[in-house]
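> Before we start, here is the structure in question, set down as structure tokens.
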Amino acid sequence: MLLDRVFLGFRIALGLIFFIFGLNGFLGFIPILSIENNLSVEQGKFISALKGTTFFFPLLNSLQVISGSLLMLNLFSPFILLALLPITVNIFLFHYFLGAYRELFNQEMFFPSFIVLLHVTLLLRNLRLYKNLFLSVPKGKHPRKK
């Protein structure tokens, strides 16, 4: 019972993070999180290249807003967790490899590490739902073929 509430809190927290950051990408209501602030040279070059595509950030922000909403509402949560996994990994790797410090234990890595912790915890919670994705079926023995 208590564990269910903890996982509920984790799911809502992760959904809220993605929802708020996705919405901020459109509206810019959190000025300290603007892309131009607090970037290393490498991060700035990377972000500039992504901005140059003109489609990447609207697509990313839309996905974050929709997925964050669905997570908070507990709709398609196991699927949404899998869909957001590449974004979570890229957030972490962006800050780790392109960050100014390039150390795992610094203030820049706290929030990305927190997102990874929430995401991995929720994935492990739903692990039984994902087991069929990794089954190996011998040729000719597919369960739907008769």
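The values are calculated or read from the model by the stated rules, or taken from the named source; none is laboratory data. Note that the structure is a prediction, hence the values are computed from the model and not measured. Cβ atoms come from the backbone with ideal geometry, glycine included; neighbour counts cover every protein chain shown. For accessibility, only protein heavy atoms count, side chains too; no ligands or nucleic acids. Shrake-Rupley method; radii C 1.70, N 1.55, O 1.52, S 1.80 Å.
> Give the residue, chosen from 62, 113, 77, that is under 16 Å from residue 22 (Cα atoms), within 17 Å of the chain's Cα centre (by Cα) and open to solvent by less than 90 Å² (accessible area, probe 1.4 Å).
Details: 113 fails: under 16 Å from residue 22 (Cα atoms); 77 fails: under 16 Å from residue 22 (Cα atoms).
Answer to the check: 62.
> Hey, another quick one. Look at the stretch 80-91 and say how many of its residues are open to solvent by less than 50 Å² (accessible area, probe 1.4 Å) and closer than 22 Å to residue 45 by Cα. Break it down into steps so the answer makes sense when it comes.
So in the stretch 80-91, the residues open to solvent by less than 50 Å² (accessible area, probe 1.4 Å) come out as 80-81, 83-84, 87-88, 91.
The next check asks that each one be closer than 22 Å to residue 45 by Cα; those that pass are 87-88, 91.
Of the residues in that region, 3 qualify.
> What pairs come up if the first residue lies in the stretch 43-71 and is on the phi < 0 side of the Ramachandran plot, the second is open to solvent by 70 Å² or more (accessible area, probe 1.4 Å) and at pLDDT below 90, and their beta carbons are under 7 Å apart, counting only those six or more places apart or on different chains?
57/51
> Out of (1) modelled with pLDDT of 95 or more; (2) loosely packed, with under 14 Cβ neighbours inside 10 Å, what's the single condition that is false for residue 31?
Against the list (1) modelled with pLDDT of 95 or more; (2) loosely packed, with under 14 Cβ neighbours inside 10 Å, residue 31 comes up short only on (1).
> Kindly check whether there is at least one residue in the stretch 15-27 that is of a type in the set (Val, Ile, Thr) and within 21 Å of residue 120 (Cα to Cα).
Start the filter on the stretch 15-27 by keeping residues that are of a type in the set (Val, Ile, Thr), which leaves 17, 20.
Filter again for within 21 Å of residue 120 (Cα to Cα), leaving 17, 20.
Looking for residues that are of a type in the set (Val, Ile, Thr) and within 21 Å of residue 120 (Cα to Cα), one finds at least one in the stretch 15-27, hence yes.
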